[in-house]
Structure formats: C-alpha cells, structure tokens
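Just below is one structure, and these are the notes that go with it.
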Amino acid sequence: MNWRIRNEALITPFFRAWWRLRRPMTLGVRGVVTDGRGDVLLVKHSYSSGWHLPGGGVERGETALQSLTRELEEEAGVTPMQTPILFGVYSNHANFPNDHVLVFRVEAWCSCAPRQDGEIAARDFFPLDRLPPDITGGTNRRLAEIFDAQAPSTMW
C-alpha cells in the first residue's frame, strides 16, 4: 500500500490547512464519462483511498471547462469531443467550508495517452450494477442522481 494512503489521516489536515491559506475558496470539477455499453469511468488515486470520478481543482487562470478537459486527459486518458454538460454544483463542506465541485456529463470523447506521473493508481470502466465496493460516497451519490433518478443534493 502506498505511504500516502497509509498516512492519509495524518497528512490530509496539513494539506487542507495549506489550501485554506493559499485559496480562500476552492473549486473542483468532476467528469461523468461513459463508454458505449454505459459503463462509467472511475479512477483510483495513489494518495487517497476509494474510486472517484476523474477530475480535480480549477487552477488560477483556467475556466472550469479547461480544467475538466485537462484533468480528464491527465487522469483518465479521455479528451471531450464536444462541450461537456454541467449536471450539478455541490458544496463539499466536509473537505473545506468554502469548497465547491462542478459535475459535468461527458457524452462524446476519444482516447488519449494519460499522464504517467504516479498520481493515478488505476482507471477503469465499471457497469453501474457492479461498481467497486470502495467507491467514494460522493461519487456513488452523483451516479445515483444521474442514472437512478435520485433526488439531487447540494452537498457532495
């Protein structure tokens, strides 16, 4: 197991304190990408546990769509072929009181070479009825909202 995952409970508070000092508000993006069978793309990071929707933070000078495209290409090896559709805006107060996440549907895409820097431990497509047991709660709730017509929440 990766040293960052083993020490996640100790390291995470320091990273979050640094983010709060550097960024009084944080904005993240996540992409819901499906293949021709309707399976959903998930990634597993090398530094935290569980399966997530691919995505990450919007950097200074980027638009949300630029950030989503960059993150999908880097993490998942996916390039959107048309403008992704905004599905929802979520507050992630468990992470940071002023953190927000935008979730986009990516309906047309092509493959590209993902970045190989060790950030992503695994990436794979999963059938919606056989999601991995260690999928994160926020990811699972977003998929239920999109594919199972669950009532949308404003909280991640």
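The values are calculated or read from the model by the stated rules, or taken from the named source; none is laboratory data. Only a predicted model underlies this, so the values are computations on that prediction, with no experimental measurement involved. Positions of Cβ are generated from backbone atoms using ideal geometry, with glycine treated the same way; all protein chains shown enter the neighbour counts.
In the stretch 88-108, is there at least one residue being closer than 18 Å to Val40 by Cα and surrounded by fewer than 13 Cβ atoms within 10 Å (Cβ to Cβ)? Yes, the stretch 88-108 contains a residue that is closer than 18 Å to Val40 by Cα and surrounded by fewer than 13 Cβ atoms within 10 Å (Cβ to Cβ).
Can you pull out every residue in the stretch 48-65 that is closer than 18 Å to Pro132 by Cβ and in contact with a Gly (Cβ under 9 Å, 6 or more places away or on another chain)? Listed by number, the residues that qualify are Gly50, His52, Leu53, Pro54, Gly55. Restricted to the stretch 59-113, and to residues there that are among the hydroxyl-bearing types (Ser, Thr, Tyr) and closer than 24 Å to Thr154 by Cα, the residue that is modelled with the lowest pLDDT is Ser91. If the condition is being touching a helix residue (DSSP H, G or I) at 6+ places or on another chain (Cβ under 6 Å) and not aliphatic (A, V, I, L, M), then the stretch 115-139 contributes Arg115, Arg123. The test for being charged (D, E, K, R), over 9 Å from the mean Cα position of the chain (by Cα), exposed (fewer than 15 other Cβ atoms within 10 Å of the Cβ) and modelled with pLDDT under 95 does not hold for Arg37.
Where residues in the stretch 129-141 are touching a residue at least 24 places away in the same chain (Cβ under 8 Å) and out of contact with any Ser or Thr (no Cβ under 9 Å at 6 or more places or on another chain), which of them is nearest to Ser46 (Cα to Cα)? Checked the stretch 129-141; the qualifying residue nearest to Ser46 (Cα to Cα) is Ile135. On the given criteria, is Ala122 more than 26 Å from Trp3 (Cα to Cα) and surrounded by fewer than 16 Cβ atoms within 10 Å (Cβ to Cβ)? The answer is no for Ala122. Within the set Leu72, Leu27, Leu65, the sole residue that is of a type in the set (A, V, I, L, M) and in contact with a helix residue (DSSP H, G or I) (Cβ under 8 Å, 6 or more places away or on another chain) turns out to be Leu27.
The single condition among (1) modelled with pLDDT under 95; (2) of a type in the set (A, V, I, L, M, F, W, C); (3) over 14 Å from the mean Cα position of the chain (by Cα); (4) surrounded by 14 or more Cβ atoms within 10 Å (Cβ to Cβ) that Met155 does not meet is (4). Here the condition is being in a strand (DSSP E or B) and either hydrophobic (A, V, I, L, M, F, W, C) or closer than 22 Å to Ala121 by Cβ (or both); of Leu72, Leu102, it holds for Leu102 alone. Taken over the stretch 35-93, residues that are within 15 Å of Phe104 (Cα to Cα) and among the basic types (Lys, Arg) amount to 1.
Among residues belonging to the stretch 66-93 that are out of contact with any His (no Cβ under 8 Å at 6 or more places or on another chain) and of a type in the set (Val, Ile, Thr), point out the one that is nearest to Pro133 (Cα to Cα). Checking each candidate, the answer is Val78.
Could you tell me whether Gly118 is over 14 Å from Leu41 (Cα atoms) and part of a loop (DSSP other than H, G, I, E, B)?
Yes, satisfied.
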